[in-house]
Amino acid sequence: MSNDLIIKDLHAAIGDKEILKGVNLTVEQGVIHAIMGPNGSGKSTLANVIAGNPGYEVTGGEIWYRGQDVLALEADERSKLGLFLAFQYPVAIPGVTVANFLRAAINAHRAEEGKDPKETSIPIAEFRKLLRDGMKKLEMDESFAKRYLNEGFSGGEKKRLEILQMMVLQPTMAVMDETDSGLDIDALRIVANGVNNFASPHMGVLVITHYQRLLNHTKPNVVSVMIDGRIVREGGPELALELEDKGYDWIKEEVVGHAS
Amino acid sequence: MPVKRESTDAAVFSQSPALAELSVDQIAATAQAAGEPEWLIERRVEAWSFFAQATPPEWRRTNLSDLHPETISPPVEPQGVEIVWDDTLSAQGVIFTTLKEGLQQYEDLIRTKLDTAVAPLEHKFSALRAALWQDGVFLYVPKGVAIEAPLSVRYTLAEGRKATFPRSLVILEANSHVSFIEEYQSDDTDDSTLAGPITEIFVGEGGSIRFASVQRWGAGVYHIGGQKVVLGRDANCEWTSVALGGQVQHIEAETRLEGDGSRVHWIGATFADEKQNLVIAPWLRHVGAYAESYMEFKTVVTDEGYSVFDGMIKIEHESRGTSTRLEENAIHLSPTSRNDSIPGLKIDTNDVAKAGHASTSGEIDAEQLFYMQTRGIKRDAALRLIVMGFFEAALNTIPLESLRESLAEAIEAKI
């Protein structure tokens, strides 16, 4: 049983349009792994397919994590397996408070087959402390807990809430989909600190980003480049800097060059 | 001290004839025996005559095919009227009593308002209600008196009851305030039972009311109701309409913004499941100048439930500077459920500040479900959270925590 996230020859489509055209990728435990690529290269599709979004059709390939065939699992089962997706565009859910939602999520993780949910649910005092500590670390006001999920949130507030969810659910493999987009400098620093605090030898992080910005704060161990639905290059942190400096065109040319 | 009392002095028929066997003379004799004033007996007789000759209204979306009014018997037991309030308020001149008792002591006050909001001779069922109403509540709040704790009445059905016709009359004098809760509740009944309630509320100049109307009859009950709130100058109404129970519901409701600068915020929550057919026709009628209204109704349908939102904004010729908006959002949880949303806007004046309506209808948002599932929440639990959230704003306006909680439970049980 491997604690790495292993993706083999993954193909996925939206409707008739194939977006992922054979992705091969391994995100190792204890590693911060960045995927960079131009807009439309399929990065967000990859994130959604890993998390199990039913809006995407997987047309081929495999995803394995901790000995489980991830593609055979519902989205909630993937979460319980330790996978987490920080959304690029978190959804607003009117009438559901942040606190109620987080408690439902935590209790869903604590639930055990054949046991009364009352037995396994988090004690209220423990939950409050967990929430308070998390919000403090992310420099969120306490009133945040009573607001409706993502409703009327600024871009920075939404991303902080994603990190807060990651902190309380403690996944072992987190996919961060463009978490840096739409953030000002302060929010970026807070979010990056959240990711850095979260990363540990027991956890893997897949950071999907278009820019170098977040990577200045969160140092990746491995950088993969995605173009046109495939991983076309893998390197160390220096690859991110090179991309920042030179853009993506040179890689595209090389890839096309290899292909022809 | 909060007191709870039940009505015992209803005008009742000595036997239990079916409606088809009732005569004008019996109606008059029964009312006379109960000591009702002459004007009221005349009204009953007039309403009964109207009922007897009228053909049933053609409500295309309300399924009354299994309701046979002629076979229904008017109540022989006292009405189920449960009043809960703090009777020390009577020292401030507040009156909260059964309508029958009220007629004994405050006849003139009742006579000037009764039947002036909900027209008795509108159609066959309105006439039936006006002819046969048994009892209900009379709430009167004097000038300048503000009551914080909610006053509530619960209308229930005794076992085996085939019909009930309760009515509420609420009069708020200038600059007074009250929270009033009206609840209809019963167990399931095997046969079709008719409930025909009338609610009339008058809010005087600068007065304000928080009004919650909660329909949670058991299965088998046909609720054909009329409700109207009339707002005076600068009067304010916050109205919550909850519809969860019954077999068929047809409610004609209206806020009449008669006074200049009057305002209403009207929130609705309807949930139709199994084979329920829940129809509500809420009207905003603008008469006064610079009045403001906002209506937001939330509807959920599942199983073979069928709900209808027949909302209307009517801006009368004499009004000026109206600001109004009407919204309905509906969620379908099953492919065999149905919601008809028919928002309307009729404007008879050139002087309107703002007027609009919108409605949405669809399945539960797949992105919302997915988002919750990625946090480990199972699909059915996520669905429940989303639906509860959908009704949250409406439930939050219910001014009684115990009722809020029991409504939340009732909604969860339907999902």
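Bear in mind these aren't lab numbers, they're just calculated from the coordinates by the rules spelled out. None of these values were measured; they are calculated from a predicted model. Positions of Cβ are generated from backbone atoms using ideal geometry, with glycine treated the same way; all protein chains shown enter the neighbour counts.
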> Hey, any idea what Rg/Rh is for segment B:122-255, computing Rh the Kirkwood way over Cα pairs?
Replying inline: 1.00
> Hey, how much of the P(r) for the protein assembly as shown falls beyond 35 Å, as a percent of Cα pairs?
Replying inline: 53 percent
> For the pair B:Thr88 and B:Thr360, what calculated FRET efficiency results from E = 1/(1 + (r/R0)^6), where r is the Cβ-Cβ distance and R0 = 51 Å, to the nearest 0.05?
Replying inline: 0.60
> In whole Å, how far is the Cα centre of segment B:38-69 from that of segment A:184-252?
Replying inline: 74 Å
>> Using the crude model of +1 on Lys and Arg Cβ and -1 on Asp and Glu Cβ, and no other charge, please compute the dipole size for segment A:91-152 relative to its Cα centre, in debye to 20.
In response: 160 debye
> Considering only Cα-Cα distances, which of the following residue pairs are longer than 18 Å: B:Lys124/B:Lys298; A:Lys17/A:Lys43; A:Lys21/A:Lys43; A:Lys136/A:Lys159?
Replying inline: B:Lys124/B:Lys298
> What is the list of residues in segment B:237-273 whose amide nitrogen lies under 13 Å from a point 7 angstrom out from the Cα of B:Ser334, following Cα to Cβ?
Replying inline: B:272-273
>> Taking just the alpha carbons, could you work out the radius of gyration and Dmax for segment B:367-415, both in angstroms?
In response: 12.2, 35
> In straight Cα distance, which aspartates and glutamates are under 12 Å from A:Lys8, not counting same-chain residues fewer than 8 positions off?
Replying inline: A:Glu62, A:Asp69
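Tell me the chymotrypsin sites (Phe, Trp or Tyr not before Pro) within segment B:127-169 that lie in a loop according to DSSP and have at most 10 other beta-carbon atoms within 10 Å.
Qualifying residues, ordered by number: none.
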> So, counting K/R as plus one and D/E as minus one, what does the shell of residues with Cβ under 10 Å around B:Glu200 add up to?
Replying inline: +2
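If I take R0 = 45 Å and measure r between the Cβ atoms of A:Arg213 and B:Glu304 in this structure, what FRET efficiency does the formula 1/(1 + (r/R0)^6) give, to the nearest 0.05? Provide the component values of the computation, followed by the final result.
Details: r = 53 Å, r/R0 = 1.19.
The calculated FRET efficiency here is 0.25.
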> How big is the gap, in Å, between the Cα center of segment B:357-415 and the Cα center of segment B:198-275?
Replying inline: 22 Å
> Do the sum for the protein assembly as shown: with -39,500 (n - 2.57) for every DSSP H run of n ≥ 4, divided by all residues, what is the mean residue ellipticity at 222 nm, to the nearest 500 deg cm²/dmol?
Replying inline: -8500 deg cm²/dmol
> Roughly speaking, what % of Cα-Cα pairs in segment B:2-259 are separated by over 30 Å, rounded to a whole number?
Replying inline: 23 percent
> Between segment A:19-90 and segment B:286-343, what is the C-alpha centre distance in whole Å?
Replying inline: 42 Å
>> Explain nothing, just the number: dipole magnitude of chain B about its Cα centre with +1 on each Lys and Arg Cβ and -1 on each Asp and Glu Cβ, in debye rounded to the nearest 20.
In response: 660 debye
>> Using Cβ contacts closer than 10 Å as the measure, can you line up B:Thr97, B:Thr299, B:Thr71 from fewest to most?
In response: B:Thr71, B:Thr97, B:Thr299
> Ranked by Cβ crowding within 10 angstrom, fewest neighbours first, how are B:Leu22, A:Leu20, A:Leu73 ordered?
Replying inline: A:Leu73, B:Leu22, A:Leu20
> In whole angstrom, how long is each semi-axis of the equivalent ellipsoid of segment A:1-147, when you take the square root of 5 times every eigenvalue of its Cα gyration tensor and sort them from largest down?
Replying inline: 31, 19, 16
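Sorting B:Val203, A:Val23 on the 10 Å Cβ count, fewest up front, what's the list?
The most exposed by this proxy come first: A:Val23, B:Val203.
Using the Cα centre as the reference, give the magnitude of the dipole from point charges on the C-beta atoms of segment A:1-87 (Lys, Arg: +1; Asp, Glu: -1; all else neutral), rounded to the nearest 20 debye.
Details: 7 positive and 11 negative charges, 46 e Å.
Rounded to the nearest 20 debye, it is 220 debye.
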> At 4 °C and 1.567 mPa s, what whole-number value in µm²/s does Stokes-Einstein give for the translational diffusion of segment A:173-260, with Rh from the Kirkwood sum over Cα pairs?
Replying inline: 92 µm²/s
> Loop-only check: which GluC sites (Glu not before Pro) in segment B:158-260 are DSSP coil with at most 13 other Cβ within 10 angstrom?
Replying inline: B:Glu159
> For chain A, list the DSSP H helices whose alpha carbon atoms reach 24 Å or more along the long axis and whose average Kyte-Doolittle value is -0.5 or above?
Replying inline: none
> What is the average number of partner chain Cβ atoms found within 10 Å of a Cβ in B:388-398?
Replying inline: 3
> In whole angstrom, how long is each semi-axis of the equivalent ellipsoid of chain A, when you take the square root of 5 times every eigenvalue of its Cα gyration tensor and sort them from largest down?
Replying inline: 31, 22, 16
>> Let me check against my output: what whole-number percent is the relative contact order of chain A, with C-alpha pairs under 8 Å and at least 6 apart?
In response: 28 percent
>> Within 10 Å, Cβ to Cβ, of A:Ala108, how many net charges do the neighbouring residues add up to if Lys/Arg are +1 and Asp/Glu are -1?
In response: +4
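What net charge do the residues around A:Thr26 carry, taking every other residue with its C-beta under 10 Å from that of A:Thr26, with Lys and Arg at +1 and Asp and Glu at -1?
Details: positive: A:Lys8; negative: A:Asp4, A:Glu28, A:Glu234.
Net local charge, A:Thr26 excluded: -2.
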